[in-house]
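First up is the structure itself, then whatever we jot down about it.
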Amino acid sequence: MKKAELVFIPTPGISHLVSTVEVAKQLVDRDERLSIIFLIMKLRSDPKVDRFIDSVSTACNRIQFIHLSKLEPDPNQPSNSFISLIESQRPIIKEEVSRLVSRSESIPGSPTLAGFVLDMFCTSMIDVANEFGAPSYIFLTSSAASLGLQFYVQALHDEHKVDPTEFKGSDTELVMPCLANPLPAKLLPSSMLSKEGLPILIIPARRFRETKGIMVNTFEELESHAINSFSNGNTPPVYPVGPLLNLNRDERGVRCLMELDNEKRERLKEMSGKSRKALESGGTSSTWLGRFIQDVVDRQP
């Protein structure tokens, strides 16, 4: 039985890290051939992140965390954004992966590099994956509808030469495959309607298209329309493998739940039950997770 190792590169913030680790747990629990290494960038100090990683390291023996040395950005290069700061970490990521590959090649029976799973803000690491001849995947912590919206706006800008920022205040109705109903253009997210925010969404969407697949933290029963919109072959395969966060543990989530009226609370309760079943054996998310694992395994030489 050939063993495979996935390298996860998350955004090192607790909000993204928790759900990313949850999908990693699902993967190693599902298939004993898989092991996972997280490369943790030191962009800022966060005790919550350190405590969380310590707890997972103790509980999961096939998930390993490597804390990278802090690499200061090149002062001669423009670095005025969080994305630029992540991009500056490519040399140290490449160096660490080289060590992992060398170790694998020198020790009989070691798992081989099967691919990279990247946070939505870490798409520059696709270049690192390409250098090692490894496939890259995205794990998206947001919804399938938001992914579809991002692809739509990117295609609108790049293929149809439409500037989305011109829709600010417009009543034009946009028909998007990911949404069941037309959306008034003025209701687009504010970042898509500003010259400063638009590149932050368009540039990653372009890179998403280069990957071999996108895992999304959602489930089919919640977003069937949006998920079905990706079946036309114009995007990489999309795998709805969530939900991977327990809102009952989130104090803000509990407060929001208490503020809902009875009808909405019952609807949320119904979807909560469906979400749990989706992750169980035979559930929709479990099935999609299996498809993702099969894709990873099939790509092994």
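Derivation of every value follows stated rules applied to the coordinates shown; laboratory data play no part. From a predicted model like this one, the values you see are computed outputs, not experimental measurements. Virtual Cβ from ideal backbone geometry, glycine too; neighbours counted across all protein chains shown.
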> In units of 2.2 N^0.38 Å, what is the alpha-carbon radius of gyration of the chain?
Replying inline: 1.04
> Convex hull over the Cα atoms of segment 2-53, averaged projected area in nm²?
Replying inline: 3.5
> When the Debye formula is applied to the Cα atoms of segment 159-219, each taken as the same point scatterer, what base-10 log of I(q)/I(0) results at q = 0.14 Å⁻¹?
Replying inline: -0.51
> Residues with amide H under 5 Å of ASP119's amide H, sequence separation 5 or more or different chain, H placed in the peptide plane at 1.01 Å from N; which?
Replying inline: ILE9, THR11, PHE139
> Can you list, bin by bin at 10 Å, the percent of alpha carbon pairs in segment 199-249, starting at 0?
Replying inline: 23, 45, 28, 5
>> Tell me which DSSP H helices of the chain clear both cut-offs, 20 Å or more of axial length from alpha-carbon atoms and a mean Kyte-Doolittle hydropathy of at least -0.5.
In response: 14-30, 144-158, 284-298
> For the peptides 29-38, 179-188, 111-120, what is the packing order when you average, over each peptide's residues, the other Cβ atoms within 10 Å and list the highest mean first?
Replying inline: 111-120, 29-38, 179-188
> When each pair of different Cα atoms in segment 29-72 is counted once in the 1/r mean, what is the Kirkwood radius in angstroms, to one decimal?
Replying inline: 11.7
>> Per-residue counts of other Cβ atoms within 10 Å, averaged by peptide: what ranking do you get for 137-145, 201-209, 165-173, highest first?
In response: 137-145, 201-209, 165-173
>> Using the basic label-point model (7 angstrom from Cα toward the beta carbon), what is the THR112 to THR165 distance in nanometres?
In response: 4.7
> Is there a pair in LYS2/LYS277; LYS48/LYS94; LYS48/LYS212; LYS70/LYS195; LYS161/LYS186 whose C-alpha atoms are over 24 Å apart, and which pairs would that be?
Replying inline: LYS2/LYS277; LYS48/LYS94; LYS48/LYS212; LYS70/LYS195
>> Just to be sure I understand: of the beta bridges DSSP finds with both ends in the chain, what percent are antiparallel, rounded to 5?
In response: 5
>> Quick query: amide H of PHE38 versus all other amide H atoms, modeled in the peptide plane; which residues come in under 5 Å with a sequence gap of 5 or more or a different chain?
In response: PHE8, GLN64, PHE65, ILE66
